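Accompanying notes for the structure given below.
The values are calculated or read from the model by the stated rules, or taken from the named source; none is laboratory data. The structure displayed is predicted, hence computed values, not measured ones. Cβ coordinates were reconstructed from backbone atoms using ideal geometry, including for glycine residues, and neighbour counts include every protein chain displayed.
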There are 2 protein chains.
Amino acid sequence: MEKITSLENAQVKKWNKLHQKKERDATGLFLVEGKHLIEEALKYHAVELVLYENECPFQNVPTQEVSKPILDKLSSNPSGAEYIGICHLPESIIEKKERLLLLDGIQDPGNLGTLIRTAISFSFDGIYCSKDTCDYLNEKVIRSTQGSIFQIPIIYMDLIDCMNKLKEEGVQVVATTLEHSKTMKEILPQEKMAFVLGNEGRGVSKEILKCADELLRIEMEGFESLNVAVAGGIILYHYRKA
Amino acid sequence: MEKITSLENAQVKKWNKLHQKKERDATGLFLVEGKHLIEEALKYHAVELVLYENECPFQNVPTQEVSKPILDKLSSNPSGAEYIGICHLPESIIEKKERLLLLDGIQDPGNLGTLIRTAISFSFDGIYCSKDTCDYLNEKVIRSTQGSIFQIPIIYMDLIDCMNKLKEEGVQVVATTLEHSKTMKEILPQEKMAFVLGNEGRGVSKEILKCADELLRIEMEGFESLNVAVAGGIILYHYRKA
């Protein structure tokens with residue numbers, strides 16, 4: 001294919017729209033930037049096309065030469081990107097359900113990225129996110145997880161529906177809250193467990209707390225509240241399958 | 001005092017320089033923005049002067065009326081601030097040394113802020129930072145900790161000197177690293193312990209690992225590395241004084 005050099009090119013305009021969640025949802029596509037992230041995506045057969053200027057180090061994948069201004073325009077990084085991958089959404093099926101993480105309205109991309117990394121570190125089987133949780137295909141999340149989003153299935157759905165299904169399948173659903181809750185000593189590890197962490201400001205929503213099998217808190221002496229990614233780290237470590 | 005309205009006012013220029021670490025170090029002063037943070041600072045008698053426009057809700061503290069453009073200029077927040085406090089450095093003395101956190105070159109203000117909050121949550125006695133750790137009087141750190149920097153003593157010094165002194169005082173110094181290290185099960189809680197966490201990229205530096213009494217790692221099954229604030233959360237929770 002011929003090198004694309006015009007910022008007005010229809011394809012370029014389409015790719016650029018992938019910075020918007022709406023367009024990602026509609027097309028099932030998203031962008032990853034830089035060599036390392038494209039390599040990660042390639043391992044999971046998630047790359048449809050690699051955009052490059054001059055030379056392309058990737059093989060066995062469709063490529064398209066473009067001009068530097070196009071790469072700069074498509075990059076979310078102020079200093080631009082050498083390569084940009086157009087990827088399709090990894091298919092997310094959660095088969096094993098021994099350890100699950102449920103996220104209720106996490107807003108900060110950094111917190112979401114950190115929680116994804118932590119869930120992988122402790123071999124969790126999958127992550128369910130409420131629909132108002134920050135999009136995990138947001139560039140900031142992808143960058144902060146360094147491509148590990150491909151290593152764990154992540155599904156967005158109504159969390160009450162999700163919890164009801166999990167309970168039917170024998171998964172104990174544990175939601176975190178400071179009030180009327182048990183400590184980690186009091187809630188013993190079970191074969192199948194799911195942990196719900198809540199929004200940075202309001203915590204886990206009331207309906208979800210009502211629907212949970214158990215309410216859990218982290219014992220603290222100080223009066224400071226924990227960052228949600230730190231709370232997640234402590235809980236996921238404590239209840240990991242050894 | 002008369003209302004200050006000129007952005008060219010010498011005092012305003014001086015205050016504005018407090019956004020720079022150099023100036024904060026030279027003067028011992030720093031800025032806090034907004035009502036909540038000023039209230040926190042007032043509790044610890046750390047406020048020298050409050051800048052306001054129109055009405056000032058604070059009593060028993062010197063105040064100075066300024067114009068809106070001056071508050072906007074001094075604010076690090078794009079939407080400006082209603083009040084700005086000129087504060088002096090809280091005096092940091094770490095007396096009790098049962099549980100200490102040592103930070104070796106943490107760069108990200110968000111990670112530093114989160115670690116400070118976590119240390120307070122688990123009632124740690126103080127934090128020592130290497131001189132190349134991000135300044136805790138950086139506006140982003142102050143904002144992310146919501147003023148809790150006043151609740152725990154924080155000292156910047158050479159960490160090797162610090163560790164040698166702590167060891168003389170009978171504090172067990174435990175540094176985190178994945179290599180040649182023991183798990184949390186293997187290192188039992190002691191009366192006096194200090195935990196060293198390292199830079200986001202390189203981890204704890206070699207000289208510090210050599211100087212430590214014990215090397216500690218968090219058991220993981222996955223291959224993903226943990227964010228330093230998450231690792232800190234897990235360790236500080238595990239070894240907190242109950």
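Quick notes on this one:
- Scanning region A:218-242 for residues that are of a type in the set (Gly, Ala, Ser) and closer than 15 Å to B:Phe124 by Cβ turns up just one, A:Gly222.
- For A:Ile70, the stated conditions do not hold, so it cannot be described as outside the structural domain of A:Ser205 (by TED's automatic domain parsing), β-branched (Val, Ile, Thr) and under 30 Å from A:Glu169 (Cβ atoms).
- Within region B:57-75, the residues that satisfy the criterion of being touching a strand residue (DSSP E or B) at 6+ places or on another chain (Cβ under 8 Å) and surrounded by 14 or more Cβ atoms within 10 Å (Cβ to Cβ) are B:Phe58, B:Val61, B:Thr63, B:Gln64, B:Glu65, B:Val66, B:Ser67, B:Ile70, B:Leu71, B:Leu74, B:Ser75.
- Sole residue being touching a strand residue (DSSP E or B) at 6+ places or on another chain (Cβ under 7 Å) and within 14 Å of chain B (Cβ to nearest Cβ), chosen from A:Ile235, A:Ile187, A:Ile155: A:Ile235
- In summary, B:Cys129 fulfils each of the numbered conditions (1) modelled with pLDDT of 90 or more; (2) more than 14 Å from chain A (Cβ to nearest Cβ); (3) in contact with a helix residue (DSSP H, G or I) (Cβ under 7 Å, 6 or more places away or on another chain) with the single exception of condition (3).
Okay, residues lined up against (1) over 23 Å from B:His238 (Cβ atoms); (2) over 9 Å from the mean Cα position of the chain (by Cα); (3) not aliphatic (A, V, I, L, M):
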residue	(1), (2), (3)
B:Ile106	no, yes, no
B:Ile116	no, no, no
B:Phe124	no, yes, yes
B:Asp135	yes, no, yes
B:Thr145	no, no, yes
B:Tyr156	yes, yes, yes
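- The residues of region A:137-159 that are surrounded by fewer than 22 Cβ atoms within 10 Å (Cβ to Cβ) and in a loop (DSSP other than H, G, I, E, B), listed by number, are A:Leu137, A:Asn138, A:Gln146, A:Gly147, A:Pro153, A:Met157, A:Asp158.
- Inspection of region A:30-51 finds a residue satisfying the criterion of being within 30 Å of A:Val204 (Cβ to Cβ), in contact (Cβ under 8 Å) with a residue 40 or more places away in the chain and not assigned by TED's automatic domain parsing to the domain that holds A:Gly232.
- Among the residues of region A:213-232, those that are more than 7 Å from chain B (Cβ to nearest Cβ) and not basic (Lys, Arg) comprise A:Asp213, A:Glu214, A:Leu215, A:Leu216, A:Glu219, A:Phe223, A:Ser225, A:Val228, A:Ala231, A:Gly232.
- Of A:Asn54, A:Asn9, all but one fail to be surrounded by 14 or more Cβ atoms within 10 Å (Cβ to Cβ) and farther than 22 Å from A:Lys131 by Cα; the exception is A:Asn9.
- In region A:7-14, the condition of being in contact with a Gly (Cβ under 6 Å, 6 or more places away or on another chain), in a helix (DSSP H, G or I), over 24 Å from A:Ser148 (Cβ atoms) and not assigned by TED's automatic domain parsing to the domain that holds A:Ile142 is met by no residue.
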